[in-house]
Amino acid sequence: MSDLKYMNLSLDSILKSLNRCRHIVQSQESSISRFGDIILDASNRRWDPQRGTTIFLAGAGRSGFVAKSFAMRLMHLGFYVYVLNESIAPPVNDGDIIIIISKSGKSNSITQIVDDSQFANVKLLAVCGDFDSNLAKKADANIVIESVDEDSANLDDDEIGGFIDSYMAVFESNDEVTSKLEMLPRHSVDFTDKSAADCIGDLDEKTNGIKNIYLPLELVLMGTTFEISALVLLDALVSELMARLNLRENDLIGFHDVLSSSI
């Protein structure tokens with residue numbers, strides 16, 4: 001493998017998560033179709049010059065960037081679109097649509113939006129990570145990207161042995177093993193892993209029964225799988241919406257930003 005071993009392994013893991021998107025479309029076809037139908041029911045500037053339904057997007061952190069990306073595409077399709085909590089966003093009115101992108105749906109800003117949406121006649125759409133979340137249950141339609149076990153790098157025996165030797169040096173010079181482990185990166189390799197058995201030996205006994213050794217080898221960080229999958233699924237949905245609106249890429253140019261490109 002090249003010198004960029006972990007970058008290549010990370011790409012492999014990300015591609016695996018993207019391949020699971022096809023299964024999401026197949027298994028959630030009915031809900032995703034309703035998700036698209038609700039968007040299409042909104043007034044569109046191309047056939048209705050009178051301002052009607054406004055679509056609002058929301059997301060926290062990196063999910064917020066995914067929300068902005070989808071908002072931009074909906075604007076290109078000709079819908080009235082705003083991102084919530086931005087200074088130019090108008091108030092939400094009866095009949096509007098709120099689309100929330102959030103893996104957990106539990107951040108304060110997201111839960112507040114969900115609660116507030118229940119007091120108005122608005123449609124709530126969700127892209128989230130859990131069918132049983134409050135966000136998914138309250139949404140009129142959702143796309144659920146469930147969590148999978150995050151991949152870790154496959155280490156050969158020499159690499160495992162090297163990490164164990166380096167950590168054992170710390171253990172031997174400091175009796176506070178537990179506190180030292182807590183300061184290390186939080187991805188664990190289980191001692192019962194068959195591939196590591198020969199290298200682990202009596203490490204369990206030497207670390208006072210602690211069952212895992214922590215290694216800095218996460219290949220997919222935090223919410224990356226959810227965020228990338230959400231971005232790809234929503235971009236694919238844009239193609240579906242374009243087809244149902246009988247639009248082609250040339251039709252979107254009139255709504256594309258031409259001022260900033262000339263600055």
Top-ranked residue of segment 107-122 - restricted to ones that are touching a Gly at 6+ places or on another chain (Cβ under 8 Å) and closer than 24 Å to L40 by Cβ, ranked as modelled with the highest pLDDT: V122
Top-ranked residue of segment 13-41 - restricted to ones that are among the charged types (D, E, K, R) and part of a helix (DSSP H, G or I), ranked as nearest to A243 (Cα to Cα): D37
Condition first: modelled with pLDDT of 80 or more, part of a loop (DSSP other than H, G, I, E, B), among the acidic types (D, E) and closer than 30 Å to G52 by Cβ. Can you find one or more residues in segment 132-152 that meet it? yes
I'd like the full set of residues that are under 17 Å from V66 (Cβ atoms) and in a strand (DSSP E or B), limited to segment 98-123. I98, I99, I100, I101, S102
Identify, please: which residue in segment 87-106 is small (G, A, S) and buried (at least 18 other Cβ atoms within 10 Å of the Cβ) and is, among those, farthest from D41 (Cα to Cα)? S104
Qualifying residues in segment 218-246 (those that are part of a loop (DSSP other than H, G, I, E, B) and modelled with pLDDT of 85 or more) - the one surrounded by the most Cβ atoms within 10 Å (Cβ to Cβ): L245
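The values are calculated or read from the model by the stated rules, or taken from the named source; none is laboratory data. Values in this document were obtained by computation on a predicted structure and should not be read as measured data. Positions of Cβ are generated from backbone atoms using ideal geometry, with glycine treated the same way; all protein chains shown enter the neighbour counts.
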